[in-house]
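Worksheet: the structure to be examined is printed underneath.
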Amino acid sequence: MVSGLRASLRVPRPDFEVGVDLAADPGEVVALVGPNGAGKSTVLRALAGLEPAAGGSIRLDGRELATLPAHRRRVGLVFQDPLLFPHLSAVDNVAHGLRSQGLRRRAARERALALLRRWELGPLADRGGRQLSGGEAQRVALARALAPEPDLLLLDEPLSALDARTRLLTRGELAVRLGEFAGPSVLVTHDPVDAAVLADRVVVLERGRVVQVGTPAEVTRRPATDYVARLVGLNLLRGRAEGTTVRCPSGLVLTVAAPVQGPVHCVFRPSAVSVFASRPEGSPRNVLPGVLRGMAPHGDGVRLDVQLGTGDRVQAEVTPAAVAELRLGAASPLWLAVKASEIQVERAGGPI
Amino acid sequence: MRPDRVPAGRGTPLRPPRERAPWPLLAAAGLALLWLTVPLLGLVARAPWARLGEVLGSTPARQALALSAGTAGLATVVVVLLGVPLAWLLARPRSRAAGWLRALVTVPLILPPVVGGVALLSVWGRSGLLGGPLHDLTGWALPFTPWAVVVAQVFVGLPFLVLSVEGSLRALDRRHEEVSATLGATGWQTFTRVTLPLLAPGVLAGAVLAWARALGEFGATITFAGNFPGTTRTVPLQVYLSLEDDPGAALVLSVLLMGVPLVVLLLLRGRWTARW
């Protein structure tokens, strides 16, 4: 028996047919990314049984789901909006799935309450959906989805309705919950940071087809299409933070603006990287020596693939004029500078 | 700054003055309002309030009131039990027949009630489509019984509830039901635990409308159920009858027929909008 998710789906849509092969191992988080209308949500809905598929199969731990109605698939689903049942309190929302499994009202409530307490959401238990903030509601929605212990977790843009600050906090919590969840998870997102921080593997979808599969780092380094490059064209470095200093396993040391402790992801845009032919002077920024390994046109600019002295790869985006000015060629030595404030620091999953 | 951009003047009011409504519109709207309210005011003004207790205590009025309360109440229960599922069916996403079904449901709204009564007779009358075999088999016929009153009231009241509930269903975010399904709830569990509670305000509104319509039903009732004191003579029929020999009693009962549903509507209004 193959454990995990092995799906091969064909779902008709008015403009094109979505045809996707998708695999996720137990405990693995697969991010489904792609432009609007690529069919990401369609895939998720088909996996959940909310959208009829024209063909294919969905095998989950050896079980065939494609022929089952949604309520018998044992799949947890979280939408962009929390969609808490407005007539029920938080704890009754979480208890809904347990009651549907045949648990008595009391027992279901007790288990739901225990789960909320474990997640430090106990004080919200008796509040109605309207009395919760966006982030709180989404955390309750996640608890509701996981309470019946589904075999597969599906997340459809779970963070995109939240404001920037709440998003950061909720993303951290989501990372922890995904780390605890034993089954496979599929996360639809159009935020490259979500994909980079939360996912073990990225599947890029365009017009209903898979155009690239790989780890976030692989997809970042070698984007298969222009869209992927724009979407996931982010620099991602993992390390351990002590205050505003992040040490990567390669020996690279970065200075960041916000103090944090523990394992982190450092994310910054290629356009935030400045490139110099000689060491820039007198600035409190991260100055990193490296060697040019590759160069490719990217939109109006040029994207440089730079190997740092420590071996890490960093993407930098410059104008064609700058390429000429810097007289860049193969294996040119150069210096990169990144402002501490441009580096987005995300706590990595797992207990902090 | 782009040259075509005009700098905003300091202290100039940003809100344009509110335009006055054109007088033909105002006049017509005022006339419409009078058209609706003056008759009601006339009713209240002309009613012999001193005879209130005497009229309501009289045997014909008591019989009619009891019959109306009983039949309209029962009709409302039937309307809710049958109408909510019908509305649910009509509002189902991707339902193809919904357009036709909705047109059918609307028919009793535009049908003259007398015609509705005739239609019911043609089905349930002693020689009717279903009433004929029923009478042959059991010797019992539906028309001219209190049950016929209820049947007529359900016939005219059902569309109000169906349309109201269907409207609520369309305003509902159906993803709530999808979430419920992914949590393992069967269609019935989702309907009773999620859909129905979310629909409650719409069901209540529709039930009140249907009940008010049932309470006031006249044409179909007199055609299909007749006008027998104590068995089929409801309050509207009593009003019509009293107009001949005791106009004062007719006015008192009319005020009652107007006032009771109005009070119920006003009481419920705040409640269902304030919820959630």
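Here, each number is a calculation from the coordinates, and none is a lab measurement. These figures come from a predicted structure and were not determined experimentally. Note that we place each Cβ from the backbone using ideal geometry, even for glycine, and neighbour counts take in every protein chain shown.
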- Item | Selected from B:ALA32, B:ALA98, B:ALA21 as most flexible by GNM, with chain B as the system and alpha-carbon contacts under 10 Å | B:ALA21
- Query: For region A:1-45, what relative contact order do you get, as a whole percent, if you take Cα pairs closer than 8 Å and at least 6 residues apart?
  - Reply: 35
- Quantify how strongly other chains surround peptide B:186-194 by giving the mean number of their Cβ atoms within 10 Å of each of its Cβ atoms. 3
- Within chain B, which complete DSSP H helices have Cα atoms spanning at least 20 Å along the helix axis and a mean Kyte-Doolittle hydropathy of 1.6 or higher? B:23-46, B:247-274
- Note on the structure: Candidates A:GLY239, A:GLY19, A:GLY55; GNM for chain A (alpha-carbon contacts under 10 Å) flags as most fluctuating A:GLY55
- Just the number, please: percent antiparallel of the DSSP beta bridges in chain A, rounded to the nearest 5. 80
- Among bridges DSSP assigns within the protein assembly as shown, what percent are antiparallel (round to 5)? 80
- Sites B:TRP49 and B:TRP188 - FRET efficiency at Förster radius 56 Å, r taken between beta-carbons, to 0.05: 0.60
- Message: Using a 7 Å offset from the Cα along the Cα-to-Cβ direction at both A:ARG63 and B:VAL264, what is the distance between the two label points in nm, to one decimal?
- Response: 4.8
- In what sequence do A:GLU28, A:GLU64 fall when counting other Cβ within 10 Å, fewest first? A:GLU64, A:GLU28
- Query: Which whole-number percent gives the relative contact order of chain A, counting Cα pairs below 8 Å spaced six or more residues apart?
  - Reply: 17
- Task: Determine Rg/Rh for region A:236-347; Rg is computed over alpha-carbon atoms and Rh is the Kirkwood hydrodynamic estimate from the same atoms.
- Result: 0.97
- Based solely on its DSSP helices, what 222 nm [θ] is calculated for chain A when runs of n ≥ 4 H residues each add -39,500 (n - 2.57) and the sum is averaged over all residues, nearest 500 deg cm²/dmol? -7500 deg cm²/dmol
- Taking the dipole about the Cα centre of the protein assembly as shown, with the C-beta of Lys and Arg at +1 and of Asp and Glu at -1, give me whichever of B:LEU256, B:VAL239, A:ALA324 is farthest to the positive side. A:ALA324
- Item | Spacing of the two label points (7 Å from each Cα toward its C-beta) at A:ASP15 and A:THR245, in nm | 5.1
- Message: If you take each beta carbon of peptide A:70-81 and count the beta carbons of other chains within 10 angstrom, what is the mean?
- Response: 5
- Query: For A:THR225 and A:SER278, FRET efficiency with R0 = 45 Å and r from the beta-carbon atoms, rounded to 0.05?
  - Reply: 0.80
- Task: Would you kindly state how much longer the chain becomes between A:ALA324 and A:THR255 on full extension, computed as 0.36 nm times their sequence separation minus their alpha carbon distance, in nm to one decimal?
- Result: 21.8 nm
- In the P(r) worked out for region B:60-274, what percent of Cα pairs fall beyond 27 Å? 40
- Note on the structure: Taking a crude spin-label model, label points 7 Å out from Cα along the C-beta direction, the B:LEU31 to A:ALA340 distance in nm is 7.8
- Would you mind telling me which residue in B:ALA250, B:ALA75, B:ALA27 has the biggest mean-square fluctuation in a Gaussian network model of chain B, where springs connect alpha carbons within a distance under 10 angstrom? B:ALA27
- Query: To the nearest 500 deg cm²/dmol, what mean residue ellipticity at 222 nm is calculated for chain B from DSSP H runs of n ≥ 4 alone, each contributing -39,500 (n - 2.57), summed and divided by the residues?
  - Reply: -23500 deg cm²/dmol
- Treat the count of other C-beta atoms within 10 Å as a stand-in for reagent exposure and order B:SER58, A:SER100 from fewest to most. B:SER58, A:SER100
- Message: Over chain B, what is the relative contact order in percent, taking alpha-carbon pairs closer than 8 angstrom and at least six residues apart?
- Response: 27
- Message: Sort A:THR319, B:THR232 by Cβ crowding within 10 Å, fewest neighbours at the top.
- Response: A:THR319, B:THR232
